[in-house]
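The values are calculated or read from the model by the stated rules, or taken from the named source; none is laboratory data. All figures in this text were calculated on a predicted structure; none of them were measured in a lab. Glycine also receives a Cβ, built like all others from the backbone with ideal geometry; neighbour counts cover every protein chain displayed. Accessible surface is based on the protein model in full, side chains and every heavy atom, while ligands, DNA and RNA are left aside. Shrake-Rupley method; radii C 1.70, N 1.55, O 1.52, S 1.80 Å.
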Amino acid sequence: MTGVLRPHMAEGLTLVNAVDVAREREIEILESTSSAPISFSNLVALRLKTSEEDLSVAGTVFGGGHLRLVDVDGVEVDTIPQGKRARGSQRGHAGIVGRVGTVLGTHGINIARMGLGRKPGSGRAIMLIEVDSEVPATALAELAKMPGIREARFLKLG
């Protein structure tokens with residue numbers, strides 16, 4: 001809850017009061033556990049649903065305390081949830097990775113790390129690119145216009 005609320009609050013948010021703050025803002029919190037078999041010994045899943053969008057993510061902790069984001073909107077990924085990121089949703093066409101890299105390079109954006117995933121048979125794919133600087137709106141607009149790209153966003157994680 002703290003990670004969800006922090007970008008929207010200047011101060012006063014702590015790990016201790018995050019749930020209370022969310023409830024004060026009329027954010028519905030549903031917590032559940034499951035004994036269903038999963039691929040990870042510990043998995044935390046979060047679903048954010050607003051009138052405008054529905055986003056789900058899941059993460060785990062590997063040995064040595066290494067955090068990993070392992071699912072975005074039902075698409076398996078493997079990426080470190082930190083830093084500046086460009087997020088692209090695409091239809092899984094060949095050549096998209098190279099075209100995205102070219103657009104970012106043209107705008108002077110250095111790629112530090114990239115995570116890709118797709119849901120077989122669905123035509124859905126996710127690209128999470130860790131970058132060294134913010135991705136300007138002009139670059140995001142250029143990416144969003146590419147054939148095969150459904151969405152392009154800039155995220156700050158961590």
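List of remarks:
- Three-way shape call for segment 109-158 based on the alpha-carbon gyration tensor, with the a/c threshold at 1.5: oblate
- Extreme residue, positive dipole direction of segment 69-145, given options ALA94, THR79, LEU143 (C-beta unit charges): ALA94
- The chain - charge dipole about Cα centre, Lys and Arg +1 at Cβ, Asp and Glu -1, debye rounded to 20: 580 debye
- The calculated FRET efficiency for ASP78 paired with LEU155, based on their beta-carbon distance and R0 = 22 Å, is about 0.85.
- Spatially proximal aspartates and glutamates relative to LYS119 (Cα-Cα < 20 Å; intrachain offsets below 8 disregarded): GLU53, ASP54, ASP71, ASP73, GLU76, ASP78, GLU151
- Between ALA112 and ALA45, the distance separating the two model label sites (each 7 Å from Cα on the Cα→Cβ line) works out to 3.0 nm.
- Looking at segment 112-152, the accessible area is 54 square angstrom per residue; that uses a 1.4 Å probe and ignores ligands, DNA and RNA.
- Relative contact order, percent, the chain [alpha-carbon distance under 8 Å, six or more residues apart]: 19 percent
- Translational diffusion coefficient (Stokes-Einstein; Kirkwood radius from C-alpha pairs) of the chain at 20 °C, 1.002 mPa s, in µm²/s: 124 µm²/s
- In summary, the aspartates and glutamates within cross-link reach of LYS156, defined as a Cα separation below 16 angstrom excluding same-chain residues under 8 places away, comprise GLU130, ASP132, GLU134.
- Backbone amide hydrogens, once placed in the peptide plane, bring THR79 within less than 5 Å of LEU69, excluding anything fewer than 5 places away on its chain.
- For segment 1-87, the share of accessible area belonging to carbon and sulfur comes to 51 percent (1.4 Å probe, ligands and nucleic acids excluded).
- Here the label points at SER34 and VAL16, each 7 Å from Cα along the C-beta direction, are separated by 3.4 nm in the simple model.
- Whole-Å distance, taken between Cα centres, linking segment 95-132 and segment 5-31: 32 Å
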